[in-house]
Amino acid sequence: MRHAFLAAGVVLGVAACSPAPQEPVYPPESLSQDPQAPEPVEIPEAVAATQDEMLKYARRGSLSGLSRMARENPAFVSNLGGEDHRAYWDLMRRIGVDPNRKLRALMDLPVGVREVDGVKWYVWPDLAAKPAADLIPEKLSFRDRKRLQDLVGDDGIEKIRAGKGYPGMRTAITENGRWVYFVLGQDAEE
């Protein structure tokens with residue numbers, strides 16, 4: 001019995017001298033996040049204000065509001081054929097492509113930044129901000145390759161491989177808040 005107490009005392013003494021258990025060490029947050037995820041882009045106030053106005057009309061389903069906004073922005077482009085914005089968007093809606101719904105979906109995608117003539121353009125989706133040479137699937141991360149495939153399909157990737165820019169739906173706002181374009185992309189344009 002005496003040996004049992006002595007052994008218990010030694011165990012307690014060793015336990016008392018041992019350092020307290022450490023908290024498990026996890027990798028820093030920056031390492032635990034997806035390394036292929038695009039860096040978040042800080043949107044200037046002027047861009048956010050234009051985006052809010054666009055979304056206000058898009059949520060209401062107001063092609064009139066979007067058309068008015070488009071007319072107020074010099075050199076705005078809504079289609080590659082040069083048609084009147086409202087007439088074109090009405091036509092798209094009649095054939096089952098709702099510009100308001102498409103614009104709302106587009107604004108849910110990540111934004112990219114591209115510089116044009118010394119002015120920053122904020123472009124949705126971020127892949128549309130890349131130069132054509134950087135969009136070739138083999139140059140992209142696996143994640144961006146999958147996103148590109150989902151956004152433009154095989155026909156779009158073929159166009160990119162042929163040296164053309166991003167062929168899908170896209171929109172852009174300059175750093176000073178000018179809405180530059182909202183094109184529905186290859187499917188709607190053909």
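When Pro40 is tested against the conditions (1) loosely packed, with under 10 Cβ neighbours inside 10 Å; (2) modelled with pLDDT under 50, the lone failure is (2). For beta carbons closer than 7 Å, sequence separation of 6+ or different chains, a first residue in segment 71-87 that is in contact (Cβ under 8 Å) with a residue 60 or more places away in the chain and a second that is part of a helix (DSSP H, G or I) and open to solvent by 50 Å² or more (accessible area, probe 1.4 Å), the qualifying pairs are Asn79/Glu189; Leu80/Glu189. Count of segment 121-135 residues, restricted to those that are assigned to a loop (DSSP other than H, G, I, E, B) and hydroxyl-bearing (Ser, Thr, Tyr), is 0. Scanning segment 136-186 for residues that are in contact with a Phe, Trp or Tyr (Cβ under 6 Å, 6 or more places away or on another chain) and either of a type in the set (A, V, I, L, M) or part of a loop (DSSP other than H, G, I, E, B) (or both) returns Ala172, Ile173.
The values are calculated or read from the model by the stated rules, or taken from the named source; none is laboratory data. Since this is a predicted model, take the numbers as computed values, not measurements. Reconstructed Cβ throughout: ideal geometry from the backbone, glycine too, with neighbour counts over all protein chains shown. Areas reflect the complete protein model, heavy atoms only, side chains present, ligands, DNA and RNA absent. Shrake-Rupley method; radii C 1.70, N 1.55, O 1.52, S 1.80 Å.
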